[in-house]
1. Over all Cα pairs of the stretch 5-249, how is the pair count split among 5 Å bins, expressed in % and running from 0 up to the last occupied bin?
2. Residue 135 to residue 204: extension gain in nm, 0.36 nm per residue of separation minus the Cα-Cα distance?
3. Which residue, 225, 129, 41, tops the fluctuation ranking in a GNM of the chain built on C-alpha contacts under 10 Å?
4. Taking other Cβ within 10 Å of each residue's Cβ, how do 25, 241, 228, 140 sort, fewest first?
5. Add -39500 (n - 2.57) for each DSSP H run of 4 or more in the chain, then divide by its residues: what number comes out at 222 nm, to the nearest 500 deg cm²/dmol?
6. Hey, in the GNM for the chain with a 10 angstrom Cα cutoff, which one of 204, 145, 80 fluctuates hardest?
7. If you average the C-alpha positions of the stretch 74-112 and of the stretch 160-184 separately, how far apart do those two centres end up, in angstrom?
8. Relative contact order for the stretch 5-249: what is it in percent, counting Cα pairs under 8 Å that are at least 6 residues apart?
Ligand code: PEP
């Protein structure tokens, strides 16, 4: 039985005070949380938010890490540095990183390698852009992302990874995938892991949906058998919306 996971990707939003306030509002409701909750603030707020989450069941992650181990890479943050702060999760392959920072499948594989080396749990994002969906090429596109970034890892390594299916056309657009579209893609992804690894391995793999998830559509999306929760962007910036999404998952 897979536990539901609800993750909030705060992106480059909030300032120190509002990030701390949002974390406190979520912690105030942690008694009622039955799912796993993860928060992904900006790097600069990680330590402050982590201190707020300290004694709670809510976990924290970074939105990115370098594909390099350490050294002369100005402006980068390494997996080892994140681990030294006590960070547990890291987003890898978010479509905004792919699009604006030219992060390709091969680089993402390097990031996964280094995150796993330092015992961070990656949330690996995959998903097709609009023109690929319009041409009905979404399955081949996502399969290629999985093959080029993930399928070189062992089952033991992948058991530390969470998959987030995030169709690019649904991110920040208010246009979520329908329950049928999400269901089909999640079942497809699970089938690929079953083929590559095993049925029992694939049955344990958490696959989150991301893309304009909100309190109105969450329940329907979470009723799909292969949808194990959500990576939430915009709606995670508002405590009552984020808590309503959490509520919809339990
Ligand atoms: C995201 O950025 O991962 C995301 C899903 O954003 P939104 O919920 O705003 O579409």
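1. 1, 7, 15, 19, 21, 18, 13, 6, 2, 0
2. 21.7 nm
3. Among 225, 129, 41, the largest GNM mean-square fluctuation belongs to 225.
4. Arranged by neighbour count, lowest to highest, 25, 241, 228, 140 become 140, 25, 241, 228.
5. For the chain, the value works out to -12000 deg cm²/dmol.
6. 204
7. 20 Å
8. 19 percent
None of the figures in this text is laboratory data; all of them are computed from the coordinates on show. Note that the structure is predicted; figures quoted are calculated from it, not measured. All Cβ positions, even for glycine, are placed from backbone atoms using ideal geometry, and neighbour counts span all protein chains on display.
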